[in-house]
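Undergrad: Right, I'll just put the structure down here and ask away after.
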Amino acid sequence: MIRTDYSVVNAVSTNGQKGFTSREESLSQETMDAIAAQPGVTDAGAVYKNTREDTNVTYDFGIIPTLYPTVEEETGLTSAATEDGFIFSLGDDGRPICNVYGLSEAALSRMDLREGETDAHTLCQKMEQKEGLLVGVDVDRSDMSLHRELNFLDVGDMVTVYKNGEPLMDLPVLAKAALNGDDEEIGFTVAGTAKIGGDGIFIYLPSDVYEEIYDEPVVYKYAFNVEESHRDNMTAFLEDYMENADPSIDFLTADSARESAEATQTMITFVGGLVGIIFGIIGVLNLINTIITTILTRRHEFATMRSIGMTQKQLTKMMAFEGLFYALGACILGLFFSFVLGFTLVRGLTGAIWWCTFHFTLLPALVTCALLLIAGFLVPVLALRFFNKGSIVDQLRISE
């Protein structure tokens with residue numbers, strides 16, 4: 001969700017229905033200066049982003065969508081689709097405008113570089129010398145690999161920057177990065193990128209190159225770290241600043257993102273654990289009911305066995321072993337199905353949810369097995385004591 005301790009944006013960026021799309025939604029220099037002046041701030045950097053007004057800058061990367069051109073009411077941008085069904089927003093010259101960012105080396109170093117030049121310092125130097133650019137690709141959340149369908153370019157492919165319909169510079173792809181929400185907009189909110197670039201590629205440039213390309217570069221996010229001893233003060237400062245100085249801003253913190261994730265984890269653990277405990281209790285009660293029912297229906301049989309010489313101790317031992325065999329059979333089947341269903345059904349379910357990670361464990365099954373074995377031994381002993389009373393003659397009179 002977030003690569004720094006704090007990210008400050010215009011409030012529209014945290015709105016899943018809106019997102020950052022316009023120059024008027026940019027952060028002011030005054031706001032960034034006020035934040036930078038606070039104690040404990042480190043690695044601070046502004047991140048630039050193109051907007052719906054920047055239609056005079058476009059990019060040619062070998063894909064020109066031409067199908068079903070329409071004008072989007074909300075942004076006023078023209079969009080068109082490719083034969084594969086990808087929708088790109090188009091600029092004044094009919095080429096894609098993409099989602100384009102300008103960032104510092106500190107921000108670049110925090111990105112997940114996967115292919116090409118993976119040393120952030122070297123990559124930044126090359127990009128500052130206009131030797132190329134960085135392309136970002138959304139990931140397949142099931143295995144965190146680069147999403148194949150959105151991986152339009154390879155390292156070395158050429159991207160031509162057009163301005164006012166004329167080629168401005170040719171920049172080869174130097175590297176590719178795996179993106180999270182923070183690389184695109186903020187947190188889980190990426191509504192603005194969908195409205196600006198559509199399915200177009202994500203392009204990352206050094207701030208000075210970005211400012212050279214765009215006529216009115218605007219900052220959409222100010223990201224920074226804060227020394228741990230100053231974080232409470234920073235949070236209080238930003239909350240006060242939002243309320244009194246600049247109500248248009250909002251912010252996300254790593255602590256709040258972590259708390260949100262932990263709250264979700266706690267809820268799933270509680271609900272899943274409660275369901276598991278209920279099923280476990282049902283299983284143990286079912287075993288107890290089976291053993292007691294068996295003893296009640298076999299009292300005549302027990303009396304007959306007693307009449308031909310079996311002692312009460314032998315009978316108790318026999319039923320205790322029988323109860324253990326019931327429990328052991330349930331344990332073997334339970335562990336078997338835990339293993340099979342864990343690596344098939346459960347793994348499939350967690351694999352379909354990107355924020356879940358599969359970890360196989362037999363601990364709950366082993367705990368249940370221990371309870372079953374204890375119940376399988378104790379229940380027959382106690383049941384015989386309470387339900388198999390009286391003399392052998394009285395027990396023989398019991399009808400089957």
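The values are calculated or read from the model by the stated rules, or taken from the named source; none is laboratory data. Treat the numbers as computed from the prediction; the structure is a model and nothing was measured. Note: ideal-geometry Cβ built from the backbone for every residue, glycine included; neighbour counts use all protein chains shown.
Undergrad: I need the full set of residues from region 171-216 which are part of a loop (DSSP other than H, G, I, E, B) and either modelled with pLDDT of 95 or more or acidic (Asp, Glu) (or both), in order please. Steps first, answer last, please.
TA: Of region 171-216, the ones part of a loop (DSSP other than H, G, I, E, B) are 180, 185, 187-188, 190, 197, 199-201, 214-216.
Within region 171-216, Glu185, Asp199, Tyr214, Asp215, Glu216 qualify.
Undergrad: Among the listed residues Gly376, Gly351, identify the single one that is surrounded by 14 or more Cβ atoms within 10 Å (Cβ to Cβ), under 30 Å from Thr266 (Cα atoms) and either among the small types (Gly, Ala, Ser) or not assigned by TED's automatic domain parsing to the domain that holds Met144 (or both). Steps first, answer last, please.
TA: Numbers: Gly376 fails: under 30 Å from Thr266 (Cα atoms).
Step by step, each of Gly376, Gly351 is checked, and only Gly351 is surrounded by 14 or more Cβ atoms within 10 Å (Cβ to Cβ), under 30 Å from Thr266 (Cα atoms) and either among the small types (Gly, Ala, Ser) or not assigned by TED's automatic domain parsing to the domain that holds Met144 (or both).
Undergrad: Here's another thing I want to ask about it. Provide a single number: the residues in region 302-339 that are out of contact with any Leu (no Cβ under 6 Å at 6 or more places or on another chain) and farther than 30 Å from Ile281 by Cβ.
TA: Qualifying residue count, region 302-339: 11.
Undergrad: Quick check on Asn50: is it in the same structural domain as Asn233 (by TED's automatic domain parsing), in contact with a strand residue (DSSP E or B) (Cβ under 7 Å, 6 or more places away or on another chain), surrounded by fewer than 20 Cβ atoms within 10 Å (Cβ to Cβ) and at pLDDT 95 or above? Quick ask: steps written out before the conclusion?
TA: Working: in the same structural domain as Asn233 (by TED's automatic domain parsing): yes; in contact with a strand residue (DSSP E or B) (Cβ under 7 Å, 6 or more places away or on another chain): yes; surrounded by fewer than 20 Cβ atoms within 10 Å (Cβ to Cβ): no; at pLDDT 95 or above: yes.
No; evaluated as a whole, the condition is false for this residue.
Undergrad: Looking only at region 66-80, filter to residues that are assigned to a strand (DSSP E or B) and either within 29 Å of the chain's Cα centre (by Cα) or β-branched (Val, Ile, Thr) (or both); which one of those is farthest from Glu24 (Cα to Cα)? Walk me through how you get there before you give the answer.
TA: Of region 66-80, the ones assigned to a strand (DSSP E or B) are 67-71, 78-80.
Now narrow it down to the ones that are either within 29 Å of the chain's Cα centre (by Cα) or β-branched (Val, Ile, Thr) (or both): 70-71, 78.
Working: Thr70: 25, Val71: 21, Thr78: 20 Å.
Here the residue is Thr70.
Undergrad: Right, here's the next one. When you go through Asp138, Asp170 one by one, which is the residue that is in the same structural domain as Glu83 (by TED's automatic domain parsing), touching an Asp or Glu at 6+ places or on another chain (Cβ under 9 Å) and either at positive phi or acidic (Asp, Glu) (or both)?
TA: Going through Asp138, Asp170 in turn, the sole match is Asp138.
Undergrad: While we're looking at this one, here's another question. Starting from residues that are modelled with pLDDT of 85 or more and among the polar types (S, T, N, Q), keep the ones in region 295-324 and report whichever is nearest to Leu335 (Cα to Cα).
TA: Looking at residues that are modelled with pLDDT of 85 or more and among the polar types (S, T, N, Q), I get Thr316.
Undergrad: Does any residue of region 289-307 turn out to be out of contact with any strand residue (DSSP E or B) (no Cβ under 9 Å at 6 or more places or on another chain), closer than 30 Å to Asn225 by Cα and part of a helix (DSSP H, G or I)?
TA: Here is the first cut: in region 289-307, the ones out of contact with any strand residue (DSSP E or B) (no Cβ under 9 Å at 6 or more places or on another chain) are 289-307.
Narrowing further to those that are closer than 30 Å to Asn225 by Cα: none.
Taking every residue of region 289-307 in turn, none turns out to be out of contact with any strand residue (DSSP E or B) (no Cβ under 9 Å at 6 or more places or on another chain), closer than 30 Å to Asn225 by Cα and part of a helix (DSSP H, G or I).
Undergrad: If a residue has to be among the acidic types (Asp, Glu), touching a Gly at 6+ places or on another chain (Cβ under 8 Å) and more than 25 Å from Pro167 (Cβ to Cβ) to count, how many in region 191-244 make the cut?
TA: Looking only at that region, the number is 1.
Undergrad: Return the residues of region 59-83 that are free of Cβ contacts under 8 Å to residues at least 24 places away in the same chain and surrounded by fewer than 13 Cβ atoms within 10 Å (Cβ to Cβ); say none if nothing qualifies.
TA: Across region 59-83, the qualifying residues are Thr66, Leu67, Tyr68, Pro69, Thr70, Val71, Glu73, Glu83.
Undergrad: Select, from Leu362, Leu345, the only residue that is under 30 Å from Met144 (Cβ atoms) and touching a Gly at 6+ places or on another chain (Cβ under 9 Å).
TA: Values: Leu345 fails: touching a Gly at 6+ places or on another chain (Cβ under 9 Å).
Step by step, each of Leu362, Leu345 is checked, and only Leu362 is under 30 Å from Met144 (Cβ atoms) and touching a Gly at 6+ places or on another chain (Cβ under 9 Å).
Undergrad: Among the residues of region 37-48, are any among the aromatic types (Phe, Trp, Tyr) and closer than 27 Å to Glu262 by Cβ? Quick ask: steps written out before the conclusion?
TA: So in region 37-48, the residues among the aromatic types (Phe, Trp, Tyr) come out as 48.
Applying the additional criterion that residues be closer than 27 Å to Glu262 by Cβ yields none.
No, region 37-48 contains no residue that is among the aromatic types (Phe, Trp, Tyr) and closer than 27 Å to Glu262 by Cβ.
Undergrad: Is it the case, given these coordinates, that Tyr162 is of a type in the set (Phe, Trp, Tyr), part of a strand (DSSP E or B) and within 25 Å of the chain's Cα centre (by Cα)? Before you say what the answer is, go through the steps one by one.
TA: Working: of a type in the set (Phe, Trp, Tyr): yes; part of a strand (DSSP E or B): yes; within 25 Å of the chain's Cα centre (by Cα): no.
No; evaluated as a whole, the condition is false for this residue.
Undergrad: On to the next question. Counting only residues that are of a type in the set (S, T, N, Q) and within 20 Å of Glu227 (Cβ to Cβ), which one in region 243-261 is modelled with the highest pLDDT?
TA: So in region 243-261, the residues of a type in the set (S, T, N, Q) come out as 244, 248, 253, 256, 260.
Filter again for within 20 Å of Glu227 (Cβ to Cβ), leaving 253, 256.
Working: Thr253: 92, Ser256: 88.
That would be Thr253.
Undergrad: Taking region 64-119 on its own, how many of its residues are touching a Cys at 6+ places or on another chain (Cβ under 6 Å) and of a type outside the set (A, V, I, L, M, F, W, C)?
TA: 1
Undergrad: Does Asp112 meet the test of being surrounded by 14 or more Cβ atoms within 10 Å (Cβ to Cβ), among the charged types (D, E, K, R) and closer than 19 Å to Tyr48 by Cα?
TA: Values: surrounded by 14 or more Cβ atoms within 10 Å (Cβ to Cβ): yes; among the charged types (D, E, K, R): yes; closer than 19 Å to Tyr48 by Cα: yes.
So Asp112 passes the test.
Undergrad: Filter region 120-141 down to the residues that are among the polar types (S, T, N, Q) and over 31 Å from the mean Cα position of the chain (by Cα), then identify the one that is farthest from Tyr59 (Cα to Cα).
TA: We begin by selecting, within region 120-141, every residue among the polar types (S, T, N, Q); these are 122, 125, 129.
Okay, now just the ones that are also over 31 Å from the mean Cα position of the chain (by Cα), so 125, 129.
Details: Gln125: 22, Gln129: 19 Å.
Per the stated criteria, the residue is Gln125.
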